[in-house]
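Working notes, structure below.
The values are calculated or read from the model by the stated rules, or taken from the named source; none is laboratory data. This one's a predicted model, so the numbers in the text were calculated from it and none came from an experiment. Glycine also receives a Cβ, built like all others from the backbone with ideal geometry; neighbour counts cover every protein chain displayed. Heavy atoms of the whole protein, side chains included, go into the accessibility calculation; ligands, DNA and RNA do not. Shrake-Rupley method; radii C 1.70, N 1.55, O 1.52, S 1.80 Å.
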Amino acid sequence: MRGRELRGELDAFLGEHEHDLVEFRRDLHRHPELAFAEYRTTQRIADRLTAAGLIPSVLPRGTGLICDVGSGDGPTVALRADIDALGLQDEKDVSYRSTVPGSCHACGHDVHTTILLGTSLFLAQQAAAGLLPGRVRLIFQPAEELPGGALEVMAHGGITGVDRIFGLHCDPRLDVGHVGLKPGPITSACDKLVVRVSGPGGHTARPHLTADLVFALAKVLTELPAALSRRVDPRSSLSLVWGKVEAGSAANAIPDDGVAEGTVRCLDENAWHAAPDLIKALLDSVAGAYGIEARMEYVRGVPPVVNDEMSVEMLAEAAQRALGPGSVAPTQQSLGGEDFAWYLESVPGAFARLGTRTPGGETYDIHQGTFDVDESAIGMGVRLMAATALTALWESRPVTVTDPITSLA
Ligand SMILES: [Zn+2]
Ligand SMILES: [Zn+2]
(Lines give C-alpha, C1' and ligand atoms only; values in the text may rest on other atoms or scores of the structure.)
(Ligands and ions follow the chains in the order given, each with its own letter.)
Protein backbone atom coordinates (compact mmCIF):
# COMPACT_ATOMS: atom_id res chain seq x y z
CA MET A 1 0.00 0.00 0.00
CA ARG A 2 1.29 3.44 -0.86
CA GLY A 3 2.08 5.75 2.04
CA ARG A 4 -0.47 8.33 0.99
CA GLU A 5 -3.18 5.69 0.71
CA LEU A 6 -2.35 4.33 4.15
CA ARG A 7 -2.53 7.79 5.66
CA GLY A 8 -5.91 8.37 4.06
CA GLU A 9 -7.23 5.05 5.33
CA LEU A 10 -5.99 5.81 8.84
CA ASP A 11 -7.63 9.25 8.66
CA ALA A 12 -10.93 7.67 7.67
CA PHE A 13 -10.67 4.97 10.37
CA LEU A 14 -9.87 7.46 13.12
CA GLY A 15 -12.55 9.85 11.92
CA GLU A 16 -14.99 7.09 12.64
CA HIS A 17 -13.41 5.52 15.78
CA GLU A 18 -11.26 8.06 17.62
CA HIS A 19 -14.02 9.35 19.88
CA ASP A 20 -14.98 5.79 20.84
CA LEU A 21 -11.34 4.93 21.57
CA VAL A 22 -11.02 7.93 23.90
CA GLU A 23 -14.13 6.72 25.74
CA PHE A 24 -12.63 3.22 25.96
CA ARG A 25 -9.47 4.67 27.54
CA ARG A 26 -11.52 6.69 30.02
CA ASP A 27 -13.42 3.57 31.05
CA LEU A 28 -10.15 1.73 31.73
CA HIS A 29 -8.87 4.78 33.56
CA ARG A 30 -11.90 4.78 35.86
CA HIS A 31 -11.40 1.07 36.61
CA PRO A 32 -7.67 0.42 37.03
CA GLU A 33 -6.54 -3.10 37.91
CA LEU A 34 -3.19 -4.12 39.38
CA ALA A 35 -0.74 -6.69 37.99
CA PHE A 36 -2.30 -10.13 37.38
CA ALA A 37 -5.71 -8.83 38.50
CA GLU A 38 -6.67 -7.29 35.14
CA TYR A 39 -9.82 -9.43 34.73
CA ARG A 40 -12.25 -6.65 33.81
CA THR A 41 -9.71 -4.99 31.51
CA THR A 42 -9.03 -8.30 29.75
CA GLN A 43 -12.76 -8.91 29.30
CA ARG A 44 -13.32 -5.43 27.85
CA ILE A 45 -10.55 -5.95 25.30
CA ALA A 46 -11.73 -9.47 24.44
CA ASP A 47 -15.31 -8.24 23.89
CA ARG A 48 -14.17 -5.56 21.45
CA LEU A 49 -11.88 -7.90 19.51
CA THR A 50 -14.59 -10.55 19.30
CA ALA A 51 -17.09 -7.98 18.04
CA ALA A 52 -14.61 -7.17 15.26
CA GLY A 53 -14.57 -10.83 14.19
CA LEU A 54 -11.24 -11.71 15.82
CA ILE A 55 -10.60 -14.68 18.11
CA PRO A 56 -8.74 -13.63 21.28
CA SER A 57 -7.08 -16.22 23.47
CA VAL A 58 -7.01 -15.25 27.16
CA LEU A 59 -3.88 -16.35 29.07
CA PRO A 60 -4.41 -19.21 31.58
CA ARG A 61 -4.45 -16.94 34.65
CA GLY A 62 -7.42 -15.09 33.17
CA THR A 63 -5.58 -11.78 32.71
CA GLY A 64 -4.00 -10.64 29.47
CA LEU A 65 -4.64 -12.08 26.03
CA ILE A 66 -3.13 -12.84 22.67
CA CYS A 67 -4.89 -12.52 19.33
CA ASP A 68 -3.76 -13.01 15.74
CA VAL A 69 -4.94 -10.90 12.82
CA GLY A 70 -4.48 -12.27 9.32
CA SER A 71 -3.02 -15.61 8.36
CA GLY A 72 -1.22 -17.22 5.50
CA ASP A 73 2.42 -17.82 4.81
CA GLY A 74 3.71 -14.30 5.37
CA PRO A 75 5.87 -13.12 8.24
CA THR A 76 4.51 -12.55 11.76
CA VAL A 77 4.92 -9.20 13.45
CA ALA A 78 3.92 -8.78 17.10
CA LEU A 79 2.61 -5.60 18.70
CA ARG A 80 2.56 -5.47 22.50
CA ALA A 81 0.68 -3.31 24.98
CA ASP A 82 0.81 -3.61 28.77
CA ILE A 83 -2.55 -3.40 30.56
CA ASP A 84 -1.89 -3.13 34.33
CA ALA A 85 -2.25 -0.12 36.65
CA LEU A 86 -0.23 1.07 39.64
CA GLY A 87 -0.88 1.05 43.38
CA LEU A 88 -1.01 4.83 43.59
CA GLN A 89 -3.78 7.26 44.53
CA ASP A 90 -5.26 9.18 41.56
CA GLU A 91 -4.79 12.87 42.37
CA LYS A 92 -6.42 14.26 39.23
CA ASP A 93 -9.68 16.18 39.18
CA VAL A 94 -11.17 14.85 35.94
CA SER A 95 -14.41 13.10 34.98
CA TYR A 96 -12.52 9.85 34.29
CA ARG A 97 -10.65 9.81 37.61
CA SER A 98 -9.97 6.38 39.12
CA THR A 99 -12.88 4.98 41.12
CA VAL A 100 -10.58 2.53 42.95
CA PRO A 101 -8.91 4.01 46.05
CA GLY A 102 -5.12 3.62 46.02
CA SER A 103 -4.98 2.48 42.40
CA CYS A 104 -4.62 4.37 39.11
CA HIS A 105 -3.23 4.27 35.59
CA ALA A 106 -0.23 6.46 36.41
CA CYS A 107 2.04 4.80 33.84
CA GLY A 108 -0.29 5.28 30.85
CA HIS A 109 -0.94 1.57 30.27
CA ASP A 110 -4.62 2.41 29.68
CA VAL A 111 -3.41 4.51 26.74
CA HIS A 112 -1.13 1.73 25.43
CA THR A 113 -4.03 -0.75 25.68
CA THR A 114 -6.41 1.58 23.83
CA ILE A 115 -3.84 2.25 21.10
CA LEU A 116 -3.36 -1.47 20.52
CA LEU A 117 -7.11 -2.02 20.48
CA GLY A 118 -7.54 0.71 17.84
CA THR A 119 -4.65 -0.75 15.86
CA SER A 120 -6.25 -4.20 16.08
CA LEU A 121 -9.55 -2.94 14.71
CA PHE A 122 -7.81 -1.14 11.83
CA LEU A 123 -5.69 -4.19 10.97
CA ALA A 124 -8.78 -6.43 11.11
CA GLN A 125 -10.34 -4.18 8.43
CA GLN A 126 -7.16 -4.44 6.37
CA ALA A 127 -7.12 -8.22 6.71
CA ALA A 128 -10.78 -8.45 5.70
CA ALA A 129 -9.95 -6.42 2.59
CA GLY A 130 -7.05 -8.75 1.76
CA LEU A 131 -4.46 -6.03 2.42
CA LEU A 132 -2.48 -7.68 5.23
CA PRO A 133 0.64 -9.37 3.80
CA GLY A 134 1.18 -11.68 6.79
CA ARG A 135 0.10 -12.09 10.36
CA VAL A 136 0.01 -9.58 13.22
CA ARG A 137 0.15 -11.01 16.73
CA LEU A 138 -1.53 -8.70 19.24
CA ILE A 139 -0.18 -9.10 22.75
CA PHE A 140 -2.18 -7.49 25.57
CA GLN A 141 0.29 -8.24 28.34
CA PRO A 142 -0.59 -8.32 32.05
CA ALA A 143 1.67 -7.30 34.94
CA GLU A 144 4.37 -5.11 33.41
CA GLU A 145 4.80 -3.29 36.70
CA LEU A 146 5.42 -6.42 38.79
CA PRO A 147 7.36 -7.14 36.51
CA GLY A 148 6.86 -10.59 35.09
CA GLY A 149 3.97 -10.38 32.64
CA ALA A 150 6.28 -10.63 29.64
CA LEU A 151 7.66 -13.92 30.95
CA GLU A 152 4.09 -15.15 31.47
CA VAL A 153 3.26 -14.33 27.83
CA MET A 154 6.43 -16.06 26.63
CA ALA A 155 5.82 -19.12 28.81
CA HIS A 156 2.52 -19.60 26.96
CA GLY A 157 3.99 -19.34 23.48
CA GLY A 158 3.16 -15.66 23.00
CA ILE A 159 6.14 -14.95 20.77
CA THR A 160 6.54 -18.38 19.20
CA GLY A 161 6.80 -17.89 15.45
CA VAL A 162 7.12 -14.11 15.78
CA ASP A 163 9.70 -12.54 13.45
CA ARG A 164 9.74 -9.04 14.92
CA ILE A 165 8.09 -7.25 17.85
CA PHE A 166 7.20 -3.63 18.60
CA GLY A 167 5.93 -1.75 21.62
CA LEU A 168 5.60 1.82 22.83
CA HIS A 169 5.36 3.82 26.04
CA CYS A 170 3.85 7.21 26.82
CA ASP A 171 6.51 9.91 27.13
CA PRO A 172 5.13 12.92 29.04
CA ARG A 173 8.26 14.97 28.23
CA LEU A 174 7.65 14.78 24.48
CA ASP A 175 4.95 16.76 22.67
CA VAL A 176 2.04 14.80 21.22
CA GLY A 177 2.60 14.00 17.53
CA HIS A 178 6.26 13.12 18.12
CA VAL A 179 7.91 9.76 18.52
CA GLY A 180 11.16 9.29 20.46
CA LEU A 181 13.44 6.67 18.90
CA LYS A 182 16.86 5.28 19.72
CA PRO A 183 18.76 2.26 18.40
CA GLY A 184 20.50 0.15 21.06
CA PRO A 185 19.67 0.28 24.77
CA ILE A 186 16.76 2.60 25.67
CA THR A 187 15.94 1.55 29.27
CA SER A 188 18.12 0.13 32.04
CA ALA A 189 18.43 -2.93 34.20
CA CYS A 190 17.66 -2.74 37.90
CA ASP A 191 18.28 -5.69 40.23
CA LYS A 192 18.19 -6.05 44.01
CA LEU A 193 21.14 -7.30 46.06
CA VAL A 194 20.97 -8.64 49.62
CA VAL A 195 24.21 -9.54 51.44
CA ARG A 196 24.11 -11.43 54.77
CA VAL A 197 27.30 -11.72 56.78
CA SER A 198 27.94 -13.90 59.84
CA GLY A 199 30.77 -14.69 62.25
CA PRO A 200 31.36 -16.05 65.75
CA GLY A 201 30.66 -12.72 67.54
CA GLY A 202 32.44 -11.68 70.76
CA HIS A 203 33.63 -8.82 72.99
CA THR A 204 34.85 -5.61 71.33
CA ALA A 205 37.93 -5.85 73.59
CA ARG A 206 39.15 -8.91 71.67
CA PRO A 207 38.45 -8.48 67.90
CA HIS A 208 41.61 -10.46 67.10
CA LEU A 209 40.16 -13.58 68.74
CA THR A 210 36.95 -13.50 66.70
CA ALA A 211 35.94 -11.91 63.36
CA ASP A 212 35.24 -8.18 63.57
CA LEU A 213 31.92 -8.40 61.78
CA VAL A 214 30.85 -4.73 61.71
CA PHE A 215 34.26 -3.65 60.43
CA ALA A 216 34.14 -6.38 57.78
CA LEU A 217 30.60 -5.39 56.76
CA ALA A 218 31.77 -1.78 56.39
CA LYS A 219 34.53 -3.04 54.08
CA VAL A 220 31.94 -4.90 52.01
CA LEU A 221 29.83 -1.73 51.80
CA THR A 222 32.68 0.44 50.53
CA GLU A 223 34.88 -1.98 48.62
CA LEU A 224 32.24 -3.73 46.51
CA PRO A 225 31.02 -0.60 44.70
CA ALA A 226 34.59 0.68 44.36
CA ALA A 227 35.95 -2.60 43.00
CA LEU A 228 33.00 -3.00 40.60
CA SER A 229 33.75 0.36 39.03
CA ARG A 230 37.27 -0.94 38.25
CA ARG A 231 36.20 -4.33 36.91
CA VAL A 232 33.63 -3.36 34.25
CA ASP A 233 33.63 -0.95 31.33
CA PRO A 234 32.64 2.47 32.76
CA ARG A 235 30.36 2.97 29.73
CA SER A 236 28.09 0.20 31.03
CA SER A 237 27.32 2.38 34.08
CA LEU A 238 27.05 -0.67 36.32
CA SER A 239 26.45 0.82 39.73
CA LEU A 240 25.81 -0.73 43.13
CA VAL A 241 24.18 1.61 45.66
CA TRP A 242 23.27 0.45 49.17
CA GLY A 243 19.95 1.48 50.64
CA LYS A 244 19.85 -0.43 53.92
CA VAL A 245 22.35 -1.79 56.44
CA GLU A 246 21.86 -3.46 59.82
CA ALA A 247 24.17 -5.11 62.38
CA GLY A 248 24.62 -5.30 66.12
CA SER A 249 22.72 -4.13 69.20
CA ALA A 250 25.30 -2.97 71.79
CA ALA A 251 28.36 -0.71 71.68
CA ASN A 252 30.68 -3.29 73.28
CA ALA A 253 29.54 -6.51 71.56
CA ILE A 254 30.70 -7.76 68.18
CA PRO A 255 27.52 -9.13 66.57
CA ASP A 256 27.37 -12.51 64.89
CA ASP A 257 25.35 -11.38 61.89
CA GLY A 258 24.50 -8.39 59.72
CA VAL A 259 22.77 -7.53 56.45
CA ALA A 260 23.10 -4.97 53.67
CA GLU A 261 20.63 -4.36 50.82
CA GLY A 262 21.04 -2.32 47.69
CA THR A 263 20.25 -2.01 43.99
CA VAL A 264 22.37 -2.78 40.95
CA ARG A 265 21.59 -0.58 37.95
CA CYS A 266 23.09 -1.10 34.56
CA LEU A 267 22.83 0.42 31.08
CA ASP A 268 24.53 -2.44 29.26
CA GLU A 269 23.14 -5.91 28.60
CA ASN A 270 26.48 -7.79 28.69
CA ALA A 271 27.50 -6.20 31.96
CA TRP A 272 24.03 -7.02 33.35
CA HIS A 273 24.49 -10.71 32.54
CA ALA A 274 27.96 -10.71 34.13
CA ALA A 275 27.05 -8.72 37.25
CA PRO A 276 25.95 -11.49 39.70
CA ASP A 277 29.08 -13.64 39.25
CA LEU A 278 31.33 -10.62 39.44
CA ILE A 279 29.73 -9.29 42.61
CA LYS A 280 29.83 -12.76 44.21
CA ALA A 281 33.57 -13.09 43.53
CA LEU A 282 34.30 -9.64 44.98
CA LEU A 283 32.17 -10.37 48.04
CA ASP A 284 33.94 -13.67 48.72
CA SER A 285 37.32 -12.03 48.47
CA VAL A 286 36.47 -9.18 50.89
CA ALA A 287 34.70 -11.49 53.37
CA GLY A 288 37.56 -14.01 53.25
CA ALA A 289 40.12 -11.34 54.12
CA TYR A 290 38.29 -10.60 57.40
CA GLY A 291 37.29 -14.15 58.32
CA ILE A 292 33.54 -13.74 58.01
CA GLU A 293 30.98 -15.76 56.09
CA ALA A 294 29.02 -13.92 53.40
CA ARG A 295 25.95 -15.06 51.50
CA MET A 296 24.49 -13.18 48.58
CA GLU A 297 20.92 -13.09 47.33
CA TYR A 298 20.73 -11.55 43.87
CA VAL A 299 17.17 -10.77 42.74
CA ARG A 300 16.97 -10.23 39.00
CA GLY A 301 14.76 -7.38 37.77
CA VAL A 302 14.60 -6.83 34.03
CA PRO A 303 17.41 -6.48 31.49
CA PRO A 304 17.74 -3.23 29.50
CA VAL A 305 15.48 -2.87 26.45
CA VAL A 306 17.95 -3.10 23.54
CA ASN A 307 16.42 -1.86 20.29
CA ASP A 308 17.33 -3.58 17.04
CA GLU A 309 18.59 -1.06 14.50
CA MET A 310 16.53 -2.26 11.53
CA SER A 311 13.37 -2.31 13.65
CA VAL A 312 14.03 1.30 14.73
CA GLU A 313 14.34 2.23 11.04
CA MET A 314 10.95 0.61 10.40
CA LEU A 315 9.42 2.65 13.24
CA ALA A 316 11.01 5.81 11.85
CA GLU A 317 9.73 5.09 8.36
CA ALA A 318 6.24 4.35 9.69
CA ALA A 319 6.22 7.54 11.81
CA GLN A 320 7.18 9.67 8.85
CA ARG A 321 4.54 8.01 6.72
CA ALA A 322 1.69 8.05 9.25
CA LEU A 323 2.48 11.10 11.42
CA GLY A 324 4.35 13.21 8.91
CA PRO A 325 7.92 14.39 8.37
CA GLY A 326 9.54 15.84 11.48
CA SER A 327 7.63 13.52 13.80
CA VAL A 328 10.70 11.52 14.82
CA ALA A 329 12.81 12.85 17.70
CA PRO A 330 15.96 11.31 19.15
CA THR A 331 15.55 10.09 22.71
CA GLN A 332 17.95 9.01 25.46
CA GLN A 333 18.43 5.85 27.46
CA SER A 334 16.52 6.11 30.73
CA LEU A 335 17.43 4.56 34.08
CA GLY A 336 13.93 3.11 34.35
CA GLY A 337 13.16 -0.56 33.71
CA GLU A 338 10.64 -2.07 31.24
CA ASP A 339 9.87 -5.77 30.90
CA PHE A 340 9.51 -5.49 27.09
CA ALA A 341 13.25 -6.23 27.36
CA TRP A 342 12.48 -9.94 27.85
CA TYR A 343 10.94 -10.23 24.37
CA LEU A 344 13.97 -8.59 22.78
CA GLU A 345 16.26 -11.23 24.28
CA SER A 346 14.56 -13.71 21.90
CA VAL A 347 13.18 -11.71 18.96
CA PRO A 348 14.44 -8.56 17.19
CA GLY A 349 12.27 -5.51 17.66
CA ALA A 350 12.07 -2.01 19.04
CA PHE A 351 10.39 0.08 21.68
CA ALA A 352 9.27 3.65 20.95
CA ARG A 353 8.41 6.61 23.14
CA LEU A 354 5.13 8.26 22.19
CA GLY A 355 4.76 11.97 22.94
CA THR A 356 1.77 12.67 25.22
CA ARG A 357 2.35 16.28 26.29
CA THR A 358 0.04 19.01 25.03
CA PRO A 359 2.32 21.49 23.22
CA GLY A 360 2.88 24.38 25.64
CA GLY A 361 1.05 22.44 28.34
CA GLU A 362 2.16 21.01 31.64
CA THR A 363 4.93 18.40 31.80
CA TYR A 364 3.78 15.44 33.91
CA ASP A 365 5.81 12.50 35.10
CA ILE A 366 4.91 8.82 35.08
CA HIS A 367 4.37 7.02 38.40
CA GLN A 368 2.86 10.21 39.86
CA GLY A 369 -0.78 10.55 40.95
CA THR A 370 -1.14 13.62 38.72
CA PHE A 371 -0.04 11.87 35.50
CA ASP A 372 -2.30 12.38 32.49
CA VAL A 373 -1.99 12.54 28.72
CA ASP A 374 -3.16 14.62 25.79
CA GLU A 375 -5.71 12.14 24.46
CA SER A 376 -4.93 12.97 20.84
CA ALA A 377 -1.90 10.73 21.50
CA ILE A 378 -4.26 7.75 21.17
CA GLY A 379 -4.90 8.46 17.48
CA MET A 380 -1.19 9.14 16.96
CA GLY A 381 -0.34 5.81 18.57
CA VAL A 382 -2.83 3.95 16.36
CA ARG A 383 -1.29 5.56 13.26
CA LEU A 384 2.20 4.66 14.40
CA MET A 385 1.51 1.06 15.40
CA ALA A 386 -0.62 0.24 12.34
CA ALA A 387 1.93 1.77 9.95
CA THR A 388 4.78 0.01 11.76
CA ALA A 389 3.12 -3.40 11.51
CA LEU A 390 2.45 -2.93 7.78
CA THR A 391 5.95 -1.59 7.13
CA ALA A 392 7.54 -4.51 8.99
CA LEU A 393 5.38 -7.05 7.16
CA TRP A 394 6.26 -5.62 3.75
CA GLU A 395 9.93 -5.33 4.57
CA SER A 396 10.14 -8.86 5.95
CA ARG A 397 9.04 -10.27 2.60
CA PRO A 398 11.55 -11.00 -0.14
CA VAL A 399 11.77 -7.84 -2.26
CA THR A 400 10.83 -8.24 -5.92
CA VAL A 401 10.55 -5.67 -8.67
CA THR A 402 6.78 -5.61 -8.39
CA ASP A 403 6.65 -5.59 -4.58
CA PRO A 404 4.58 -2.66 -3.26
CA ILE A 405 7.46 -1.75 -0.91
CA THR A 406 9.13 -0.13 -3.89
CA SER A 407 6.27 2.34 -4.11
CA LEU A 408 6.16 3.32 -0.44
CA ALA A 409 6.14 7.07 -0.04
ZN1 LIG B 1 5.40 2.01 35.14
ZN1 LIG C 1 4.82 1.69 32.07
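For region 220-334, what does the accessible surface come to per residue with a 1.4 Å probe? Please give it in Å². Working shown, then result.
Working: 5860 Å² over 115 residues.
Dividing the accessible area of region 220-334 by its residue count gives 51 Å².
Only protein heavy atoms count here; under a 1.4 Å probe, Leu34 has an accessible surface of about 80 Å². What FRET efficiency comes out for Glu223 versus His273 if R0 is 22 angstrom and r is the Cβ-Cβ distance? Round to the nearest 0.05. In this case the efficiency is close to 0.45.
Listed by chain and number, the lysines placed with their C-alpha closer than 17 angstrom to that of Lys280 are Lys192, Lys219; residues fewer than eight positions away on the same chain are left out. Taking amide H atoms as placed 1.01 Å from N in the peptide plane, the amide H of Leu86 lies under 5 Å from those of Cys104, His105, Ala106, Cys107, each 5 or more residues away in sequence or on another chain.
For helix 109-128, report the angle its Cα long axis makes with the longest principal axis of the Cα atoms of the chain; keep it between 0 and 90° and round to the nearest 10°. For helix 109-128, the angle is close to 40 degrees. Summary of the geometry: region 1-74 and region 322-388, compared by the centres of their Cα atoms, lie 18 Å apart.
How large is the direction-averaged shadow of the alpha-carbon convex hull of the chain, in nm²?
Answer in nm², one decimal: 22.8.
First check a/c for region 40-154, with a ≥ b ≥ c the square roots of the eigenvalues of its C-alpha gyration tensor; if it is under 1.5, answer rounded, and if not, answer prolate when a/b is larger than b/c or oblate otherwise.
Details: a/c = 2.50, a/b = 1.83, b/c = 1.37.
Since a/c reaches 1.5 and a/b is larger than b/c, the shape of region 40-154 is classed as prolate.
Classified by the C-alpha gyration tensor, region 103-162 has an oblate form. Its axis ratio a/c, with a ≥ b ≥ c, is 1.5 or above, and a/b does not exceed b/c. Can you tell me the orientation of helix 3-30 relative to the chain, as the angle in degrees between its alpha-carbon axis and the longest Cα principal axis, to the nearest 10? Orientation of helix 3-30: about 50 degrees from the principal axis. Extension gain, Glu362 to Ser285, is 22.6 nm, computed as 0.36 nm per intervening residue step minus the present C-alpha separation. Accessible area per residue (1.4 Å probe, heavy atoms of protein chains only) ranks Glu261, Glu313, Glu345 as Glu313, Glu345, Glu261, with the largest value leading.
Here region 273-332 is described by how far its Cα atoms reach on the three principal axes: 65, 16, 15 Å, from widest to narrowest.
Expressed as cubic angstrom per residue, what is the convex hull volume of the alpha carbon set of region 266-409?
On the way: hull volume 23.0 nm³, N = 144.
So the per-residue Cα hull volume is 160 Å³.
Measuring nothing but how far apart in sequence close Cα pairs (under 8 Å, 6+ apart) lie, relative to its length, the chain scores a relative contact order of 24 percent. Across Ser236, Ser57, the residue with the most accessible area heads the list, and the full order at a 1.4 Å probe is Ser57, Ser236.
If the chain between Glu345 and Glu23 were fully stretched, how many nm would it gain, using 0.36 nm times the residue separation less the Cα-Cα distance?
Numbers: separation 322, 0.36 × 322 = 115.92 nm, distance 3.53 nm.
The Glu345-Glu23 span can extend by a further 112.4 nm.
Give the carbon-plus-sulfur fraction of the accessible surface of the chain in %, rounded to a whole number; probe 1.4 Å, heavy atoms of protein chains only.
Looking at the chain in its full context, I get 51 percent from C and S.
Of all aspartates and glutamates in the structure, those lying under 16 Å Cα to Cα from Lys182, and not within fewer than 8 positions of it along the same chain, are Asp171, Asp268, Glu269, Asp308, Glu309, Glu313, Glu317, Glu338.
At 0.36 nm per residue, minus the direct Cα-Cα distance, what do Met310 and Thr370 gain on full extension? Give it in nm, one decimal, please. Before the final figure, lay out each step's value.
Numbers: separation 60, 0.36 × 60 = 21.60 nm, distance 3.61 nm.
Full-extension gain reported as 18.0 nm.
Suppose we keep just the DSSP beta bridges with both residues in the chain; what percent of those would be antiparallel, to 5?
Values: 39 of 61 bridges.
Antiparallel bridges: around 65 percent, rounded to the nearest 5.
What angle do you read, to the nearest 10 degrees and between 0 and 90, between the alpha-carbon axis of helix 376-396 and the longest principal axis of the chain? Once rounded, the angle reads 80 degrees.
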